[in-house]
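Engineer: Got a structure for you, questions after.
The numbers here are math on the coordinates, done by the rules we state, and not lab data. What you are looking at is a predicted structure, and each value in this text was computed from that prediction instead of being measured. Note that we place each Cβ from the backbone using ideal geometry, even for glycine, and neighbour counts take in every protein chain shown.
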Amino acid sequence: ANSSQKLRDKEKKILSIIEASKISENIWHIGPETIEEVIIQKANDKNIKIGFAESCTGGLLASRLTDCAGSSSVFWGSIISYSNEVKINCLGVNSNTLKDHGAVSKETAFEMALGARQKLKVDIAVSTTGIAGPGGATTGKPVGTVGIGVSTKIQTSSEIYHYNGNRKSLKHSFSQAALFQMLDAINSFESE
């Protein structure tokens, strides 16, 4: 019993050192849980329903969440809108947005997230639209470019990010970035 108390005391000291350091703002969780498990647990705690609009991730976000037990209590679904037609017809993305800015843009990611939140009737929706390669790059939009949108009842926002890698590793990087955006949205979500 004495050694377990010593271990708990050490853990407390380590945590206090971490919390007092500048690195603390970059720590999203301390423990063995995956980001998917933390998302499900925190969304469950706040009674939040979540969903996705996926283009370049092709269902990977939905797959990663549904790998976890308990996901059905918070995860409503994902609209996989690989084609522009599905972006327009299922998510309500404006055809002019696609024509003027392209499928891989802040504007399209914004409209995809907003459309997914409305269609899926969820509290938070996150979208991904990007170029996983090896082809598809255009001027100013190299392979590894991804637009990620986040929509809540308070606001919708989107941003462009750039990653390096092959098609499979880029899909993973895109999904990881989207999951962190989802976690941030859940953490700052205010219940009515």
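Engineer: Can you give the FRET efficiency to the nearest 0.05 for Ile160 and Ala20, using r as the Cβ-Cβ distance and R₀ = 30 Å? Please list the in-between numbers first.
Structural biologist: Values: r = 35 Å, r/R0 = 1.15.
E between Ile160 and Ala20, to the nearest 0.05, is 0.30.
Engineer: Hey, could you pull the Cα Rg and Dmax for region 57-102, both in Å?
Structural biologist: 13.7, 42
Engineer: Now a separate question. Antiparallel DSSP bridges in the chain: what percent, to the nearest 5?
Structural biologist: Rounded to the nearest five, the antiparallel share is 60 percent.
Engineer: Return a whole-number percent for the relative contact order of the chain, with Cα pairs under 8 Å and 6 or more residues apart as the contact set.
Structural biologist: So the answer I get is 20 percent.
Engineer: What ranking do 67-79, 157-169 get when scored by the average of other Cβ atoms within 10 Å per residue, highest first?
Structural biologist: 67-79, 157-169
Engineer: Measuring from the lowest to the highest alpha carbon on each principal axis, how far does region 110-152 reach, largest first, in angstroms?
Structural biologist: The Cα atoms of region 110-152 stretch 35, 15, 11 Å along their principal axes.
Engineer: Sticking with this one: Okay, helix-only estimate at 222 nm for the chain: each DSSP H run of n ≥ 4 adds -39500 (n - 2.57), divide by all residues, round to 500 deg cm²/dmol; what do you get? If you can, show how the numbers build up before the last one.
Structural biologist: Numbers: 7 runs with 88 residues, N = 192.
Roughly -14500 deg cm²/dmol at 222 nm, from the helical runs in the chain.
Engineer: By how many nm would the segment from Ala69 to Lys121 lengthen if fully extended, with 0.36 nm per residue of separation less the alpha-carbon distance?
Structural biologist: 16.5 nm
Engineer: Related question: Between Lys153 and Gln176, what length in nm is gained on full extension when 0.36 nm per residue of separation is reduced by their alpha carbon distance?
Structural biologist: 6.0 nm
Engineer: So, one more: Any idea what log10 I(q)/I(0) is at q = 0.11, 0.16, 0.23, 0.25 Å⁻¹ for region 5-95, Debye with uniform C-alpha scatterers and no solvent?
Structural biologist: Summing over Cα pairs of region 5-95 leads to -0.51, -0.81, -1.07, -1.14.
Engineer: Arrange the peptides 53-66, 8-21 so that the one whose residues have, on average, the most other Cβ atoms within 10 Å appears first.
Structural biologist: Working: 53-66: 22.9, 8-21: 10.6.
Per-residue mean Cβ counts within 10 Å order the peptides as 53-66, 8-21.
Engineer: Name the residue from Gly133, Gly147, Ala103 whose Cα lies farthest towards the positive end of the charge dipole of the chain, charges +1 on Cβ of Lys and Arg and -1 on Cβ of Asp and Glu.
Structural biologist: Most positive-ward Cα: Gly133.
Engineer: Taking 20 °C and 1.002 mPa s as the conditions, I'd like the Stokes-Einstein D for region 83-192 in µm²/s, using the Kirkwood hydrodynamic radius from alpha carbon pairs.
Structural biologist: It diffuses with D of about 152 µm²/s by this estimate.
Engineer: Now a separate question. Over region 130-192, how many percent of alpha carbon pairs lie in each 5 Å bin up to the one with the longest distance?
Structural biologist: 4, 18, 25, 18, 14, 10, 7, 3, 1
Engineer: Let me spell out the model: positive unit charges on the Cβ of Lys and Arg, negative unit charges on the Cβ of Asp and Glu, origin at the Cα centre of region 14-142. What dipole size does that give, in debye rounded to 20?
Structural biologist: 340
Engineer: Using alpha carbons only, what's the Rg to Rh ratio of region 57-133 with Rh from Kirkwood?
Structural biologist: Rounded to two decimals, Rg/Rh equals 0.99.
Engineer: Still on this model: With Cα extents along the principal axes in Å in mind, check (1) 57, 31, 25; (2) 55, 46, 33; (3) 67, 37, 28 and report the label derived from this structure.
Structural biologist: Correct label, based on the coordinates given: (3).
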